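Worksheet: one structure, shown below.
The values are calculated or read from the model by the stated rules, or taken from the named source; none is laboratory data. Predicted model, so just to flag it, every value in this text is computed and none were measured. Virtual Cβ from ideal backbone geometry, glycine too; neighbours counted across all protein chains shown.
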Amino acid sequence: MPLESVHDRTELADLLCRTPDLRAYELGDLDDRFWPYTSWYRRGDALALLYHGAGLPILLALDTPDRSEPLAGLLTELLPLLPRRFYAHLSPGLEHALEPAYEAESNGPHLKMALTDPTRLVRADRSDIPAGALETVELTTADLPELGAFYELAYPAHSFAPGMVANGPYLGLRRGGELLAVAGVHVWSPSYRVAALGNVATHPRARGGGLATMVVSALCRRLLATVDRVALNVKAENAPAVGLYHRLGFSPVAEYTELTFTARD
């Protein structure tokens, strides 16, 4: 079965909706705001996305374990078309399909999680915090200088880019005007009824006070007014973050690996 380049969003949505919690990011990338940066490849029912809108290209090749062999075949045929250096989100074991042409540096196992019990989202107001002490605010492009400085301090390994604020809601918690916690989205598509959380961080001085729980909960409630599905990616070894998302009603969907690939000389 030959490799195909796919340009039909209806065809892609049909394939992705077979495992929508696993493929939430890709579903969001069908949106008009992200679509121009995408290249889609299909071999039978196996599907891979090469995303070009975030600096280093990102390859997404994800599927259920019973579909790993067809997806590995797709990646093997895709080798001549891949850039010399790219980042990748791959289902376990698929990195071996790229080894003949690339060296891989792993960023470790990650989890895909989906909001399966929205009733567990807590209210952003808490009885143990004095009224008026915290303010939930929507962040805009006017806040970009402050956001950049915040992430450098609170989350140095962040993947935040200025354009993300324009592409979806970002909420912050302020105390006395100071930004103490932020939660935003990597992908938000009311058209495809899906959102993917990202860039959740708390100021080092404010950690341990439940602020991340509050701001993520507030953002999820905001998103559920426009989407049916909220998902996220998190490092599997980040136990505090995984625990936070569990408490808010998220459940693990699948494990995958993030890697950087560099072409062999």
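Couple of notes before you dig in:
- From the options A201, A183, A225, A154, residue that is over 19 Å from V122 (Cα atoms) and out of contact with any Pro (no Cβ under 6 Å at 6 or more places or on another chain): A154
- Residues of the stretch 221-240 satisfying the condition of being within 14 Å of the chain's Cα centre (by Cα) and crowded, with 16+ Cβ neighbours inside 10 Å: R229, V230, A231, L232, N233, V234
- Residue check, V185 at pLDDT 90 or above and surrounded by 13 or more Cβ atoms within 10 Å (Cβ to Cβ): yes
- Residue, surrounded by the fewest Cβ atoms within 10 Å (Cβ to Cβ), within the stretch 160-179, restricted to residues that are closer than 19 Å to A218 by Cα and under 17 Å from the mean Cα position of the chain (by Cα): A166
- The set of residues from the stretch 138-159 being surrounded by 14 or more Cβ atoms within 10 Å (Cβ to Cβ), modelled with pLDDT of 90 or more and either of a type in the set (V, I, T) or not in a helix (DSSP H, G or I) (or both) comprises just one member, L139.
- Residues (in contact (Cβ under 8 Å) with a residue 12 or more places away in the chain, closer than 26 Å to A166 by Cα and either part of a helix (DSSP H, G or I) or touching a Pro at 6+ places or on another chain (Cβ under 8 Å) (or both)) located in the stretch 1-18: R9, L12, A13, L16
- Odd one out for W40 among (1) under 17 Å from the mean Cα position of the chain (by Cα); (2) under 22 Å from L259 (Cα atoms); (3) not aliphatic (A, V, I, L, M): (1)
- Segments classed as strands (runs of 3 or more DSSP E), wholly inside the stretch 163-259, with at least 2 members that are β-branched (V, I, T): 178-189, 194-202, 229-235
- Listed here are the strands (runs of 3 or more DSSP E) enclosed by the stretch 19-68 that have at least 3 residues being touching a Lys or Arg at 6+ places or on another chain (Cβ under 9 Å): 46-51.
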